[in-house]
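Okay, so here's the structure we're looking at.
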Amino acid sequence: MVEELGMISKASTTEQHNKLIEFRQLVYGHGLTRERDAQFELVDALLLSPTIESFPALSQSPAFRRKWSSAYTAIERGRQDPAWLRRYLSQQVPGERVSVFALDPSVWPRPRTHTLPGLRYERSPTQALRGYSIVKGYAYSMLAWIPQRGKSWALPLDTRRIADKQSAVEVGVEQVKTLCQNRPDACLDVIVADGAFGNHHFLGGIKDLSCAVVVRLRRDRVLYGEPGPYQGKGRPRVHGRRFAFKEPQTWGPPAEEMDFADERYGQVRLRCWHNLHAKQDASTPFSAIRAEVHLEREKPPDPIWLGCLGATSGCGSTSAGPSSLLSAFANNACAGPCHTSSKPIAVTAGRGWSTSPTGRFFWPGIWCLTSPCPGRSPRPI
């Protein structure tokens, strides 16, 4: 499986060990800029401890060889280079083939806290009514790499706190822009996101980037086609024909249509319409895909609508068709919210990642140092 992911070659154990050493040395030398030793060992203690009952307990870990006060020094005085870390970590993802990244906001609940600054009320997955509830806590936006379809492994590359006056869409746009800037030679990066990003604010913010984006759209959306040529009288039209998801008579014939069998979704039918746009932003045309799955059942599930933007890569003839985009969107479930644990997000997201020796020990831990801790304002670099 490791070789299939393209993460390491069939090299000897010594070569793999040397690769891990090189990764750790580069992070130590370039990613950490102040109090390197204390931060370095704190990350090791964080990731190698089977359970974390409290922060002071990390100083008792065999991996933390310094005095207990150095753990607090790493948090209070430690500094990093987030731009270098994001660039270096994103470049570890193979760039010679299509890569799928999931963008998902989540919340770290702090319901009993009354004095910490920057708390927000957010939706959080729970067993409560309708599968979610509103909780008070810290909101984060996570961009994670999904290496395999249908697997639970997701490697966070960029996790950022959503500030008081920010929205998840604004932070997500910045994360996608950073990823594209850090991977200019990648074959094709596909960003998948849920319905919170299926709007003109998100699509308009990334329309000029080199990556492809697949987002879920509401089933009651109304889009518009191209306005057509100017007729020579009056103001030029901005919108064309109306395209309402709940009104099949407004759809017209699809530009693409395919039926195929999938091992996970059974009999699938995809229909795609191009050059549609939201009423609020006619300058951002995208494609709408209607996906119907398990058609072999007597009562198939309700269809879903996906919005696709920029599905052609810059590496020859490779492109992402409707079936590939549906598969990419299905992987979004692998990077769902993982902030429900009492442990830091990095530990929950990274535990069990064992396919890459360079990523298992450090990638999640670096997040804990670069992201502001709950109750603290973002630190200057």
Quick count over segment 157-195, residues being under 14 Å from Tyr140 (Cα atoms), touching a helix residue (DSSP H, G or I) at 6+ places or on another chain (Cβ under 7 Å) and either assigned to a loop (DSSP other than H, G, I, E, B) or among the small types (Gly, Ala, Ser) (or both), is 3
Scan of segment 64-86 for residues that are under 30 Å from the mean Cα position of the chain (by Cα) and charged (D, E, K, R), ordered by number: Glu76, Arg77, Arg79, Asp81, Arg86
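Go through the residues of segment 143-152 one by one and say whether even a single one is free of Cβ contacts under 8 Å to residues at least 40 places away in the same chain, out of contact with any Pro (no Cβ under 7 Å at 6 or more places or on another chain) and within 30 Å of Arg264 (Cβ to Cβ). Break it down into steps so the answer makes sense when it comes.
First, pick out the residues of segment 143-152 that are free of Cβ contacts under 8 Å to residues at least 40 places away in the same chain: none.
No, because not a single residue in segment 143-152 is free of Cβ contacts under 8 Å to residues at least 40 places away in the same chain, out of contact with any Pro (no Cβ under 7 Å at 6 or more places or on another chain) and within 30 Å of Arg264 (Cβ to Cβ).
Within segment 13-28, how many residues are loosely packed, with under 11 Cβ neighbours inside 10 Å and under 21 Å from Leu42 (Cα atoms)? Show your work before the answer.
Quick first cut of segment 13-28, residues loosely packed, with under 11 Cβ neighbours inside 10 Å only: 13-14, 25.
Next, from what is left, pick out any that are under 21 Å from Leu42 (Cα atoms): 25.
Total satisfying the criteria: 1.
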Against the conditions (1) surrounded by 16 or more Cβ atoms within 10 Å (Cβ to Cβ); (2) touching a Phe, Trp or Tyr at 6+ places or on another chain (Cβ under 9 Å); (3) charged (D, E, K, R); (4) over 20 Å from Ser283 (Cα atoms), where does Asp220 fall short? Just the number, please. (1)
Under the condition of being among the β-branched types (Val, Ile, Thr) and part of a strand (DSSP E or B), which residue from segment 245-299 is nearest to Leu203 (Cα to Cα)? Thr284
Just the residues that are of a type in the set (Phe, Trp, Tyr) and modelled with pLDDT of 90 or more, please, taken from segment 38-63. Phe40
Answer with yes or no whether Arg290 is under 24 Å from the mean Cα position of the chain (by Cα) and at pLDDT 90 or above. yes
Of residues in segment 113-138 being of a type in the set (Lys, Arg) and modelled with pLDDT of 85 or more, the one surrounded by the most Cβ atoms within 10 Å (Cβ to Cβ): Lys136
Being in a strand (DSSP E or B) and touching a Pro at 6+ places or on another chain (Cβ under 8 Å) is the filter here; which residues of segment 196-229 pass it? none
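The values are calculated or read from the model by the stated rules, or taken from the named source; none is laboratory data. Model, not experiment: these values are computed from the prediction. Here Cβ is always computed from backbone atoms with ideal geometry, including for glycine, and neighbour counts include all displayed protein chains.
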